[in-house]
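Asks: Quick one: structure below, then a few questions.
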Ligand code: PEP
């Protein structure tokens, strides 16, 4: 039986690629991608590359995401970018609460929640990242951490908005390390996340919310991960920087979703 959710595969380019490299990527990637059906494809380049990315994505199936934003609309926040600025650049999604933001830039659950609320108020779809560290997993705290990040991150978000929110389960120990969660570990975490969503909203709402997996996803592990019942696509870092490997992950996602 196929899943009741369309998979979504998103590229998180982090602090890689210049505007001209962004244009080069799209020139190679779009003809290969064509009009592939049955999947949402999103690319999140660095801020200075957003105009080039939006221009090249044009009428293709690719939607553009920002990697971060500030919850306020404007103000004395040197170095920050607001939702309305992103909307003017045809940005559709925004990654919020990536573990690098949480760890390196000290973002709290409460601050992340303000961004999620602002994104919805500004017609941007948040990709809300959650995930445990290795220490938290080893100490048996994975469920507590996921429940806390979800409950706090989605505070004040109604069921309709929750359905428009994409969740990304990214175990911190698997990001950029080459160490992927096994398909069973990913499915267990995703099923738990869906059970928390059910308690926060209701079963019908929880069934409609997409939960991506992120953490060292590559063309050779995407199919098995994607075949899991509660895995609805991927947030891809390293392997999204090269158009061929990003396309292979998208293709594997579509195929295993059709077979699933
Ligand atoms: C990420 O940055 O969200 C990520 C999952 O990175 P990688 O695929 O490189 O592990």
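The values are calculated or read from the model by the stated rules, or taken from the named source; none is laboratory data. This structure is a prediction, so every number in the text was calculated from the model and none was measured. Neighbour counts run over all protein chains shown; Cβ positions are idealised from the backbone, glycine included.
Asks: Looking only at residues in region 177-189 that are assigned to a helix (DSSP H, G or I) and within 15 Å of the ligand (Cβ to nearest atom), which one is nearest to residue 253 (Cα to Cα)?
Replies: Here the answer is 186.
Asks: Can residue 76 be described as touching a helix residue (DSSP H, G or I) at 6+ places or on another chain (Cβ under 6 Å) and modelled with pLDDT of 95 or more?
Replies: no
Asks: OK, next. Which of (1) near the ligand (Cβ under 10 Å from one of its atoms); (2) touching a strand residue (DSSP E or B) at 6+ places or on another chain (Cβ under 9 Å) is the odd one out, the single condition residue 193 does not satisfy?
Replies: Going through the list (1) near the ligand (Cβ under 10 Å from one of its atoms); (2) touching a strand residue (DSSP E or B) at 6+ places or on another chain (Cβ under 9 Å), residue 193 breaks only (1).
Asks: Pairs, please: C-beta under 8 Å, at least 6 apart or cross-chain, first residue closer than 15 Å to residue 34 by Cα and in region 230-255, second in a strand (DSSP E or B) and more than 15 Å from the ligand (Cβ to nearest atom)?
Replies: 250/41
Asks: Considering only residues that are more than 14 Å from the ligand (Cβ to nearest atom) and under 15 Å from the mean Cα position of the chain (by Cα), which ones fall in region 231-244?
Replies: Matches in region 231-244: 232 only.
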